[in-house]
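Following: one structure in structure tokens, then a few remarks.
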Amino acid sequence: MLRHVIAPSSGWTKAPHTVVRDRRLNSDAKVLLLYVQGLPDSATDRPLGELAGKLEMKGRPYQLAKKQLVEHGYLHEWRAQGEGGRWATDQLFTNTPLTSAEARIVRATLEPDGGRAPGVAAAVPPPSTRPTDGRPTDVPDGRWL
């Protein structure tokens, strides 16, 4: 085989061999990983699904790619409920597989608030009061209440 490769002077993404040669990832997962890796810092605040949409990757192909990236340690997600009941999801995308523990360490070093989602307070212990008032009652058989 003959090869002729000219490296571009700008606008390129360096792909590690571990990603390109990883047989566990399908081509959609690899393209999505390399696309996200090559984004400028100003574009990384978007959810992964929106970025996949820019590649015209929708539905089942996106779900399979995301599942593979999560299973093999390239994508880590944390969901937390913030003030007012709103949920926030933090996503960590890496070009090398990380364990959950390694991903938590990386997240803590990258986030100024220690890895919590914006607007999410630290873990609050459950209230000491009972959640309901009154005693449980039996429902009579065969009757509507």
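The values are calculated or read from the model by the stated rules, or taken from the named source; none is laboratory data. The model shown is predicted, which means the values in this text are computed figures rather than measured ones. FYI the Cβ positions are ideal-geometry reconstructions off the backbone, even for glycines, and counts take in every protein chain you see. Heavy atoms of the whole protein, side chains included, go into the accessibility calculation; ligands, DNA and RNA do not. Shrake-Rupley method; radii C 1.70, N 1.55, O 1.52, S 1.80 Å.
Each residue in the stretch 83-103 was checked for being closer than 20 Å to V36 by Cβ and assigned to a helix (DSSP H, G or I), and 3 pass. Of the listed requirements (1) surrounded by 13 or more Cβ atoms within 10 Å (Cβ to Cβ); (2) modelled with pLDDT of 85 or more; (3) in a loop (DSSP other than H, G, I, E, B), R107 misses just one: (3). Is it the case that A101 is touching a Gly at 6+ places or on another chain (Cβ under 9 Å), open to solvent by less than 90 Å² (accessible area, probe 1.4 Å) and farther than 19 Å from R46 by Cβ? Answer is no for this residue. Within the stretch 6-18, is there a residue that is of a type outside the set (F, W, Y), open to solvent by less than 40 Å² (accessible area, probe 1.4 Å) and part of a helix (DSSP H, G or I)? No; the residues of the stretch 6-18 include none that is of a type outside the set (F, W, Y), open to solvent by less than 40 Å² (accessible area, probe 1.4 Å) and part of a helix (DSSP H, G or I).
Pairing each residue of the stretch 94-117 that is at positive phi with any residue that is assigned to a loop (DSSP other than H, G, I, E, B) and at pLDDT 90 or above, provided the two are 6+ apart or on different chains, yields no C-beta distance under 9 Å. For the residues L75, L55, the requirement of being touching a helix residue (DSSP H, G or I) at 6+ places or on another chain (Cβ under 7 Å) and farther than 28 Å from A101 by Cβ singles out L55. The condition (being touching a helix residue (DSSP H, G or I) at 6+ places or on another chain (Cβ under 7 Å) and open to solvent by 60 Å² or more (accessible area, probe 1.4 Å)) is satisfied by just one residue among Q91, Q81, Q68: Q91.
Only one of L39, L48, L75 is over 13 Å from the mean Cα position of the chain (by Cα), open to solvent by less than 60 Å² (accessible area, probe 1.4 Å), closer than 20 Å to S27 by Cα and at pLDDT below 95; which? Spell out the reasoning first.
On the way: L48 fails: over 13 Å from the mean Cα position of the chain (by Cα); L75 fails: over 13 Å from the mean Cα position of the chain (by Cα).
Testing whether each residue is over 13 Å from the mean Cα position of the chain (by Cα), open to solvent by less than 60 Å² (accessible area, probe 1.4 Å), closer than 20 Å to S27 by Cα and at pLDDT below 95 leaves just L39.
What's the total number of residues in the stretch 51-65 that are crowded, with 16+ Cβ neighbours inside 10 Å and either of a type in the set (V, I, T) or not in a helix (DSSP H, G or I) (or both)? Write out each step before concluding.
Of the residues in the stretch 51-65, the ones crowded, with 16+ Cβ neighbours inside 10 Å are 51-52, 57, 61-62, 65.
Among the residues that remain, those that are also either of a type in the set (V, I, T) or not in a helix (DSSP H, G or I) (or both) are: 57.
Adding up the residues that qualify gives 1.
Among the numbered conditions (1) in contact with a strand residue (DSSP E or B) (Cβ under 7 Å, 6 or more places away or on another chain); (2) touching a residue at least 24 places away in the same chain (Cβ under 8 Å), the only one that W87 does not meet is (2). Out of contact with any Lys or Arg (no Cβ under 8 Å at 6 or more places or on another chain) and under 18 Å from P97 (Cβ atoms), is that true of K14? The answer is yes for K14.
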